[in-house]
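Read-outs throughout are calculated quantities, based only on the coordinates presented, and are distinct from any laboratory measurement. Nothing here was measured: the structure is a model prediction, and the numbers come from that model. Here Cβ is always computed from backbone atoms with ideal geometry, including for glycine, and neighbour counts include all displayed protein chains.
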Amino acid sequence: MVFVKKSISIVLLPILTLISCGRQRTLPEQLTAHHIKYRIEYLEERAGDIPTRILPEQMDAYYTEHFVLSRITGFLEQFTLTQIADLRHQKVTTLLRFFDSKVYYEGENGELPVAIVEPEDMSWKMTGETTVIGGLHSERVEVTTNNDHYSIYLTKDFDVRHPNITTPYRSIDYPLSEFRVQLSLLKMHLSCTDFKTETIESEVFKVPPGYNPVSKKDMERIINSLFTKE
């Protein structure tokens, strides 16, 4: 019986050690990130009451091994919308700063970011047709929805697992160099204009101090209110 207990201990000890190490694992202070600058083109002249010509023209996205961060800044840097995707747990946290208001919502596992509209009956297929977009070798993908048909582009120039969980194209396993997305009333076409690999601080993937948690319903209401004059 003593021999059996010792044998069990020998088997369990490495497993318990691995579990303990996994729980205690922390991010290094700096991470290698693939940084894409996307040009934003608006598909309509207005989003609700707001003329799209006054809206931001660029989105920055940082792709790392365990996180993806996208950020749009506008209104003289008084407005920032950030999405932080935890790729290990497939959760997205949406942060909104609008003048003195700072709020965030942490999504459920597999949930799209707040106010991102998912097209109905969407399907896609790779075409094999290639081009270069913003320095990235890209392949055209045909997308079909219940009322639309259009092209987006993916790239295999770098590899990230689950790179598109902040978009409706979650089932595509490669980063996107050009795509469409709708945020609330805002319909956008994004295309890569610049790509580089750089080192960034891991702190950017945490919710900064001063942000207050809100419910999904409240975050949706706040984002939708950005497109009204009231």
Would you work out the charge dipole size for the chain about its Cα centre, treating the Cβ of every Lys and Arg as +1 and the Cβ of every Asp and Glu as -1, and quote it to the nearest 20 debye?
920
Highest to lowest packing among 59-68, 207-216, scored as the average C-beta count within 10 Å:
59-68, 207-216
Say R0 is 30 Å: what FRET efficiency, to the nearest 0.05, do residue 26 and residue 217 get from their beta-carbon distance?
0.35
Neighbourhood charge, 15 Å Cβ-Cβ cut-off, centred on residue 41 and excluding it, Lys, Arg +1 and Asp, Glu -1
+2
Take each of the peptides 46-56, 117-127, average the number of other beta-carbon atoms within 10 Å over its residues, and list them starting from the highest.
46-56, 117-127
Can you compute the modelled spin-label distance between residue 49 and residue 158, with each label point 7 Å from Cα toward Cβ, in nm?
4.1
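Fully extended, how many nm does the chain gain between residue 60 and residue 207 (0.36 nm per residue separation, minus their Cα-Cα distance)?
Difference between extended and current length: 51.2 nm.
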Inverting the mean 1/r over all pairs of different Cα atoms, compute the Kirkwood radius of the range 51-97 and quote it in Å.
11.6
Within straight cross-link reach of residue 206, meaning Cα distance under 13 Å, which aspartates and glutamates are found once same-chain residues fewer than 8 apart are removed?
29, 86, 106
Note down the nm distance, to one decimal, between modelled labels 7 Å out along Cα→Cβ at residue 146 and at residue 228.
2.5
Over 22 Å between alpha carbons, listed pairs 156/216; 102/187; 125/196; 91/125; 91/217; 37/102:
156/216; 102/187; 125/196; 91/125; 37/102
Evaluate the distance, in nm, between pseudo-label points positioned 7 Å from the Cα of residue 123 and of residue 78 along their respective Cα→Cβ axes.
4.8
Given 10 °C, 1.306 mPa s and a Kirkwood radius over Cα pairs, the Stokes-Einstein diffusion coefficient of the range 50-186 in µm²/s is 99
